[in-house]
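Presented below is the structure to which this report refers.
The values are calculated or read from the model by the stated rules, or taken from the named source; none is laboratory data. As the structure is a computational prediction, the values presented were derived from the model and not from experiment. Using ideal geometry, Cβ is built from the backbone for each residue, glycine included, and neighbour counts are taken over all protein chains shown. The protein model used for the area step is the full one, side chains on, heavy atoms only, and it has no ligands, DNA or RNA in it. Shrake-Rupley method; radii C 1.70, N 1.55, O 1.52, S 1.80 Å.
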Amino acid sequence: MSTKKSSLTYEPVSAWDSYATTTRRRQVNALAQRYIEFLSACKTERETIAYVQKRLAEAGFGEDFRKASVMRSLHGKCLFAVRKGRSTLASGVRLIAAHADSPRLDFKQRPLVEQACVVQGKTHYYGGIRKYQWLARPLALHGVVILENGKSVPVCIGEKPGDPVFTIADLLPHLAQKQSGQKVSEAFEGEKLNVVLGHSPALASAAKKEADGKDPLKAHVLQLLNEQYGIREEDLITAEIQAVPAGPARFVGLDRSLIGGYGQDDRICVFAALEALTSARAGSNSQTMAVIFWDKEEIGSDGATGASSRFLQYCMEDMVRAWAPAIPVSQVFLRTRALSADVTAALDPDFPEVHEKQNAAQLGYGPCFAKFTGSRGKYGSSEAEAEFFAELRGLFNKKNIPWQVAELGKVDTGGGGTVALFLAAYGMDVIDLGPALLSMHSPFELASAADVCATVDAYRAFLEG
């Protein structure tokens, strides 16, 4: 929603002004509370997809394309869901695409090491992180261990009251003179992101015998893991264990207007798209509505569960085969319209110099259109067609949904990529649309509660057409 039509100039409108009534503020607060519960429960892509599957099943989605509401997942890490519309598939699909993965620390294949009287888990960071932000803070372990017999053992330590947490020790300032003079990129080494797991040897003689005098602290950690999960050190080689920030998402600020938590890039868009799909109303001429939640976006979208895979294509082919076999799948793709649902950087009050203010997103002004992404001359970009952008602008204005436009930082300073170019490869219309975050890619990102509500409203309006 922009300025009044009587004005020749444009100014974005605050979402808080759009939700100024008592009833609307209550709706914003209720949605924000539900979002906080989602963020707190979904700290890995597996947990996120499991949550989505549960919600969709409750809304009547199944796995049979002979039905009108269908979902399909792959490896528990990505998911496609679709609701059949009343219009023919020849008119295409309304599609929202987001990603369920977030930056984190992954355990290495052989993670356990005992040194300097502590046991540590060696990690390899995943995605774009600022390494120092992960030091000296409580961490939890989430993931899955696959035993040799094929049994899958879920792991979650550090989230329940009374659970131990983990951490990465930081260097004390008294000994950090050399480090303090280094570049940030050089001062913090990836190989030193080692998670502290334990410190004491076992009392039991069996554990001492197992250690045979070597690495008794590591033997104790393995003993505890075996007692709780039935796993051995070899099982860790094929496991997926992630170190993530411990603790729930929280309201931030005296007015509880901000939401702080890990993984909001891009689970805020997963949540909003899911809310939109399950609440959208099908009109007399409604198109088919779909969402896809991918994995691996933070590391380039490669792999079987990333956007560069053929998972979307296979799902669309099965859908067309079941619902409209006479229509070419290529026609459905070409007439599909899509939102690449991803976040952008909000104007930072402490670092405004990295933004070009007129084209920077602001917290609390609704979801941001990014007509193009990429960097350094739009390299690696997908650029939306002007006609599609104008159509969406008119739709949101008509429905009084706040929106804004944004670029991710100054030219030659910022930039980034999304899944939009993988959708554009099918010839469909696509544009990036998602809320702004402060502290993006940090262990504690900030979002506006009003933007969560406005993003759900925008995605729902798009799906309903």
Practice problem: Can you tell me which residue within the stretch 398-409, out of those that are in contact with a helix residue (DSSP H, G or I) (Cβ under 6 Å, 6 or more places away or on another chain) and closer than 13 Å to residue 357 by Cβ, is modelled with the lowest pLDDT? | Solution: 409
Self-check item: In the stretch 217-237, the residues that are surrounded by fewer than 21 Cβ atoms within 10 Å (Cβ to Cβ), modelled with pLDDT of 95 or more and of a type in the set (Val, Ile, Thr)
Solution: 237
Quiz item: Does residue 55 qualify as being within 24 Å of residue 364 (Cα to Cα) and open to solvent by 40 Å² or more (accessible area, probe 1.4 Å)?
Solution: no
Quiz item: Name the pairs: first residue in the stretch 13-26 and closer than 13 Å to residue 456 by Cβ, second residue among the polar types (S, T, N, Q) and open to solvent by less than 70 Å² (accessible area, probe 1.4 Å), Cβ to Cβ under 8 Å, at least 6 apart or on different chains?
Solution: 15/448; 24/18
Quiz item: Consider residue 422 against the criteria (1) in contact (Cβ under 8 Å) with a residue 60 or more places away in the chain; (2) part of a loop (DSSP other than H, G, I, E, B): it satisfies all of them except one. Which criterion is unmet?
Solution: (2)
Exercise. Please give the number of the condition residue 161 fails out of (1) over 26 Å from residue 215 (Cα atoms); (2) surrounded by 11 or more Cβ atoms within 10 Å (Cβ to Cβ).
Key: (2)
Practice problem: Quick one: count up the residues across the stretch 245-266 that are surrounded by 22 or more Cβ atoms within 10 Å (Cβ to Cβ) and either of a type in the set (A, V, I, L, M, F, W, C) or over 22 Å from residue 295 (Cα atoms) (or both). | Solution: 3
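Pull up the stretch 65-74, narrow it to residues that are over 21 Å from the mean Cα position of the chain (by Cα) and open to solvent by 50 Å² or more (accessible area, probe 1.4 Å), then point me to the one that is nearest to residue 321 (Cα to Cα). Full working, then the answer.
In the first step, residues of the stretch 65-74 are kept if they are over 21 Å from the mean Cα position of the chain (by Cα); the result is 65-70.
Of the ones still in play, those that are also open to solvent by 50 Å² or more (accessible area, probe 1.4 Å) are 66-68.
Working: 66: 10, 67: 13, 68: 13 Å.
Once the filter is applied, the top-ranked residue is 66.
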Quiz item: Which condition breaks for residue 444 when tested against (1) open to solvent by 60 Å² or more (accessible area, probe 1.4 Å); (2) more than 30 Å from residue 132 (Cα to Cα); (3) in contact (Cβ under 8 Å) with a residue 12 or more places away in the chain?
Solution: (2)
Practice problem: Evaluate the following for residue 452: is it buried (at least 21 other Cβ atoms within 10 Å of the Cβ) and in a strand (DSSP E or B)? | Solution: no
Self-check item: Listing of strands (runs of 3 or more DSSP E) fully contained in the stretch 267-382 that carry 1 or more residues being of a type outside the set (S, T, N, Q), open to solvent by 20 Å² or more (accessible area, probe 1.4 Å) and in contact with a Lys or Arg (Cβ under 7 Å, 6 or more places away or on another chain)
Solution: 337-340
Quiz item: Where in the stretch 109-183 are there strands (runs of 3 or more DSSP E), lying fully within it, with 3 or more residues that are touching a residue at least 60 places away in the same chain (Cβ under 8 Å) and under 22 Å from the mean Cα position of the chain (by Cα)?
Solution: 118-126, 139-146
Quiz item: From 257, 279, 330, 340, which residue is at pLDDT 95 or above, among the polar types (S, T, N, Q) and either under 20 Å from residue 441 (Cα atoms) or in contact with a Pro (Cβ under 7 Å, 6 or more places away or on another chain) (or both)?
Solution: 340
Exercise. Check the stretch 290-297 and report whether any residue there is at pLDDT 95 or above and at positive phi.
Key: yes
Quiz item: Any residue at all in the stretch 31-47 that is outside any helix (DSSP H, G or I) and either open to solvent by 60 Å² or more (accessible area, probe 1.4 Å) or of a type in the set (A, V, I, L, M, F, W, C) (or both)?
Solution: yes
Quiz item: Looking at the stretch 89-108, which of the residues that are in contact with a strand residue (DSSP E or B) (Cβ under 9 Å, 6 or more places away or on another chain) and not in a strand (DSSP E or B) is most open to solvent (accessible area, probe 1.4 Å)?
Solution: 91
Practice problem: Among what's in the stretch 81-128 and is at pLDDT 95 or above and basic (Lys, Arg), pick the residue that is farthest from residue 280 (Cα to Cα). | Solution: 110
Quiz item: Applying the selection to the stretch 48-78, what residues are closer than 24 Å to residue 298 by Cα, of a type in the set (Gly, Ala, Ser) and part of a strand (DSSP E or B)?
Solution: 73
